[in-house]
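The values are calculated or read from the model by the stated rules, or taken from the named source; none is laboratory data. Quick caveat: nothing in here was measured; it's all calculated off a predicted structure. Methodologically, a virtual Cβ is constructed for each residue, glycine included, from the backbone with ideal geometry; neighbour enumeration extends over all protein chains shown. Ligands, DNA and RNA are excluded from the accessible area calculation, which covers all protein heavy atoms including side chains. Shrake-Rupley method; radii C 1.70, N 1.55, O 1.52, S 1.80 Å.
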Amino acid sequence: MSPRSHKTALGLGLVLLATLAVYAPSLRNGFAMDDLWIARPADDAGRPLPLVGRVAPLRDYFGANYHAVSGHLSELYRPVTILSYALVNAAQRPGMSEALQAAPHHALNLFLHLVATGLVYSLVRDAGGGRRGGLIAAAVFGLHGIHSEVVANVVGRAELLGFVGGAMATRVWVDARPGGRTWSVMARAVVAASLLFLAFGAKESALAWAGWLPLYAVVRGRAALPAVALAVVPAAVYLGLRTAMIAALPGAVPPIEWAANPLAQVDTVTRVCTGLCVWGYGLAMTLLPFGALRADYGPPTFGLASSLVDVRVLGATAGLLAVAVGALLAGRRRPLLLLAGAAFLGFSCITSNLPFAVGTIFGERLYYTPSLGVALAGASVAGAVARWPRLAQSAAALTLLAWLGLSAGQIWRRNPVWRSDEALFLAEAAHEPPSVRMLVCAAEVVRMRGDLARAETLLRRAVALAPDYALAWNNLGATLLNLDQLDEAEAALLRARRARQALPAGQEQMIEANLAAVRDARPPR
């Protein structure tokens, strides 16, 4: 190994070590939020959860929707991710505590993030960024604060597997020598296509790799058409299996809950205008992940926008267009910037709510792969900085170190938030403005502790922020019933009955049951 290669290996090792260090506290986390009903091996009564509690036949995973584990219907199709939960759970001994059950899941998430960080180095280095550019890109990606949810929360596995599969497929295919032996090229094509299929089967939005891989191939001096053909086959197989899964669903898929994504219940103009605002917010958070990170961005975090001349819409659109136009104009001289713009816009567009409403209005996890764009842009800037005067280079280096330090600090602070439902919901309820859904969840946590007065306070905040949210009014009524405030309980429950935002599917009878309990609690006249 040459001295330069040795220095590069040492640099990459330090980047990976720093990434490991800032995420190490997540290894103590348990299961939180979606983990509890999708990834853990058994329910509260100790009964194994379907598909993940024990390893089922392979066909069961490729015939099930993502939420089949919890008995719900969904059009989400992530068989590879569900299988990964099952395989980790199968390696554990019965009777282990929940913390020990969760530990290997968190270890696997962290390992996958380290692999992803190494792949970023490799992709950037060989696309013209050089070794120094590759190291800077790896550091930016590995220590990016917006990744904290993906790594520290078990169900972030979908994003990790989608990224690693797509990036590895890109490496395998593009590294094939032009004019090489036919059998070698065919072998690489099979491996790359298989990796793409695994990526698609981990997360639907990974389908965007089918567009980014050919662009990367062109930047590397390879032909685009074979790369397109390579991606078409696994995409067609995946979409065919997903279509068959949806056709076999035993009933109608419940609508997207208002508290998760209010854009699922508005007109197209409002959805597009608000979606542009939220997409612009995602761009800002990806560039500068130093704001208040959240587990849930439901109402009223983002106000709805219904006009294209809304200043928020104009500002977001200007920022997104600047990325697109800048990438195109700089693409010939700085191909890394072309790849950066395509990575951010291509991978984030599908979940931006512009083409269609997705399951959430915004999620930090949705920007795991799009943040590759920031890493690529950082490497490109590093190449330009190398020609600046020494003083300017020093200033740029200090700026990068400050960015990395602040971003790593975000990760360190967010790790313990995902330790449990209780830790997560109470932390999220402290945000201003808080997510209504997190306020309701936090109220349930303190109610289970027996602190009914605090539960009432949290729920009153929730109904003040979202006066038409039936679940908040229902839970407030139930809490007031437990506090023997019968008149107020009845008023809250009647308000829940009239609320426009109905209870989640399957809970429609809860309001009537609580009203009956209020009537039963009244003394006979």
(request) Averaged over every viewing direction, what's the projected area of the C-alpha convex hull for region 292-424? Give it in nm², one decimal, please. (result) 10.5
(message) Taking the Cα centroid of region 8-61 and of region 229-248, what is the distance between the two, rounded to the nearest whole Å?
(response) 27
(request) Pull up all non-local amide H partners of A42: gap of 5 or more, or a different chain, and H-to-H distance under 5 Å with H placed in the peptide plane. (result) L49
(request) Return the whole-Å distance between the Cα centroid of region 132-152 and the Cα centroid of region 178-209. (result) 24
(message) Using the Cα centre of the chain as origin and beta-carbon charges of +1 (Lys, Arg) and -1 (Asp, Glu), tell me which of V313, F425, A42 is placed farthest towards the positive end of the dipole.
(response) V313
(request) Would you compute, for the Cα atoms of region 352-469, the largest minus smallest coordinate along each principal axis and list the three values in descending order, in whole Å? (result) 63, 34, 23
(message) If every alpha-carbon in region 140-230 counts as one equal scatterer, what log10 I(q)/I(0) does Debye give at q = 0.16, 0.17 1/Å?
(response) -0.66, -0.73
(request) Normalising by the residue count of the chain, find the relative contact order in percent from Cα pairs under 8 Å and 6+ residues apart. (result) 16
(request) Determine the relative contact order of region 38-131: mean sequence separation of Cα pairs under 8 Å and six or more apart, normalised by residue count, in whole percent. (result) 23
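Quick check for me: using +1 on Lys/Arg Cβ and -1 on Asp/Glu Cβ, what's the dipole size of the chain about its Cα centre, in debye to the nearest 20?
Once rounded to the nearest 20, the dipole reads 2280 debye.
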(request) Relative to the longest principal axis of the C-alpha atoms of the chain, give the angle of the C-alpha long axis of helix 209-219, reported between 0 and 90° and rounded to the nearest 10°. (result) 20
(request) Please work out the average accessible area per residue across the chain, using the 1.4 Å probe convention, and give it in Å². (result) 44
(request) Along Cα→Cβ, 7 Å out, is where each label goes; now give me the distance between the ones at W388 and L494 in nm to one decimal. (result) 6.7
(message) Could you tell me what a quarter of the Cα convex hull surface of the chain works out to, in nm² with one decimal place?
(response) 27.7
(message) Within the chain, what whole-number % of the accessible surface is contributed by carbon and sulfur, with the 1.4 Å probe and all protein chains included in the calculation?
(response) 65
(request) List the relative contact order of region 41-89 as a percent without decimals, with contacts defined as Cα pairs under 8 Å and 6+ residues apart. (result) 39
(request) Rounding to the nearest 20 debye, state how big the charge dipole of region 1-144 is about its Cα centre with +1 on each Lys and Arg Cβ and -1 on each Asp and Glu Cβ. (result) 680
(message) Please list, by residue number, every one of the trypsin sites (Lys or Arg not before Pro) in region 215-311 that is coil in DSSP and has at most 11 other beta-carbon atoms within 10 Å.
(response) none
(request) Give the distance, in whole Å, between the Cα centre of region 467-522 and the Cα centre of region 293-322. (result) 33
(request) Evaluate the distance, in nm, between pseudo-label points positioned 7 Å from the Cα of V218 and of A247 along their respective Cα→Cβ axes. (result) 3.5
(request) Find, among the trypsin sites (Lys or Arg not before Pro) in region 358-448, those assigned to loop by DSSP (not H, G, I, E, B) with at most 14 other beta-carbon atoms within 10 angstrom. (result) R387
(request) Would you please report the Å³ per residue occupied by the convex hull of the alpha carbon atoms in region 31-84? (result) 74
(request) Pull out the extension gain between V325 and A236, defined as 0.36 nm times the separation in residues minus the alpha carbon to alpha carbon distance; nm, one decimal. (result) 28.9 nm
(request) Rounded to whole Hz and in sequence order, give me ³J(HN,Hα) for region 368-380 from the Karplus expression 6.51 cos²θ - 1.76 cosθ + 1.60, θ = phi - 60°, writing x for Gly and Pro. (result) 5, 5, x, 5, 4, x, 5, 4, 5, 5, x, 5, 5
(message) Modelling each spin label as a point 7 Å along the Cα-to-Cβ direction, I'd like the V115/L10 distance in nm, to one decimal.
(response) 2.9
(message) Using the Cα centre of region 134-213 as the reference point, and only Cβ charges (+1 on K/R, -1 on D/E), how large is the resulting charge dipole? Debye, rounded to the nearest 20.
(response) 360
